[in-house]
Amino acid sequence: MLYEYIIKNYDAGEPIFLTDIVIEDMTEENIRYHLKALTDKGKLCRFEPGVYYIPKTNILGIAPALSAETMVFHKYISRRGRRVGFYSGYTLANRLGMSAQVPFREEITSNYAPAQVREVRIRNRRYLIRRPVVRITEENAYALQMLDCLKDIDKSAEVDMAACGRILTKFAVDHHITKELVDSFLEYYPIKIYKAIYETGVEYVSA
């Protein structure tokens, strides 16, 4: 029953979190037992306690280990196809082209953050995970991501404010971020964000 549930709901190489598995008439202890049995048979691989995956073989017939990047993406950013987080801070500034500095630890804002701010280690990688100001959804993720970027732009950006404004305006257009949506979340951010909005001259999509 458990294996049928897994192959129906997960792709090969996709992390399977024990806490996400809900099967009628199966307790967590029972699920743990069967996950171990499936791992012993080679049908599943164990990444770390509570995290498994269906092995995905390459063209050489080898099943490579799950990467830390894949694990983090599915745990903190896109959980079972639902948007639950986004890259933020220095990581976002680098990805958007506002900074050439590659941070030594990736920064992520996520509904699944274990604390307000916490550094976690996965394999040999370090990640700084923060809780969002409001719960992240598919509808608000990009607006919150842009506001988080503006909040810390004085620290994370290496280009001037006008260049940041052009980059963020393109980001807003690409992701259909409206002024009305942005305004609905401003109360959750420090007052300095208004200064960042003014200095960058960022523009939004018309409603």
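The values are calculated or read from the model by the stated rules, or taken from the named source; none is laboratory data. Nothing here was measured: the structure is a model prediction, and the numbers come from that model. Ideal geometry is used to build each Cβ from the backbone, glycine not excepted, and the neighbour counts take in all protein chains shown. The accessibility values were calculated without ligands, DNA or RNA, using every heavy atom of the protein model including side chains. Shrake-Rupley method; radii C 1.70, N 1.55, O 1.52, S 1.80 Å.
Inter-label distance, R118 to D160: 4.3 nm, where each label sits 7 Å from its Cα along the C-beta direction. Carbon-plus-sulfur fraction of the accessible area of the stretch 1-77, 1.4 Å probe, in percent? Reported share for carbon and sulfur atoms: 53 percent.
A simple spin-label model places pseudo-atoms 7 Å from Cα toward Cβ; at Y198 and K8 they are separated by 5.8 nm.
Label-to-label distance, V133 versus V205, with points set 7 angstrom from Cα along the beta-carbon direction: 2.1 nm. Near T178, the amide H atoms lying under 5 Å from its own belong to V205; only residues 5 or more places off or on other chains count, and H is placed 1.01 Å from N.
Non-local lysine pairs in the stretch 48-207, meaning eight or more places apart or on different chains, with alpha-carbon distances under 20 Å, amount to 11. Taking amide H positions as modeled 1.01 Å from N, with prolines and chain starts lacking one, the residues under 5 Å from E106 and 5 or more places away or on another chain are R126, L128.
Counting only residues at least eight positions apart within a chain, or on another chain, the aspartates and glutamates with an alpha carbon under 15 Å from that of K43 are E4, D11, E14. With Cα atoms as the point set, the radius of gyration and Dmax of the stretch 85-207 evaluate to 14.0, 44 Å. Considering helices alone, the calculated mean residue ellipticity of the chain at 222 nm is -10500 deg cm²/dmol, with DSSP H runs of length four and up weighted by -39500 (n - 2.57) and normalised per residue. Backbone phi angles across the stretch 175-191, fed through the Karplus curve with coefficients 6.51, -1.76 and 1.60 (θ = phi - 60°), yield HN-Hα couplings of 10, 6, 8, 9, 4, 4, 5, 4, 4, 5, 10, 4, 5, 8, 10, x, 4 Hz in residue order; Gly and Pro are listed as x.
Shape descriptor for the stretch 24-103: Rg over Rh equals 1.11 (Cα atoms; Rh from the Kirkwood inverse mean 1/r).
Return the whole-Å distance between the Cα centroid of the stretch 2-49 and the Cα centroid of the stretch 73-90. Their Cα centres are 21 Å away from one another.
Shape of the chain from the C-alpha gyration tensor: prolate (a/c of 1.5 or more and a/b above b/c, with a ≥ b ≥ c the square roots of its eigenvalues).
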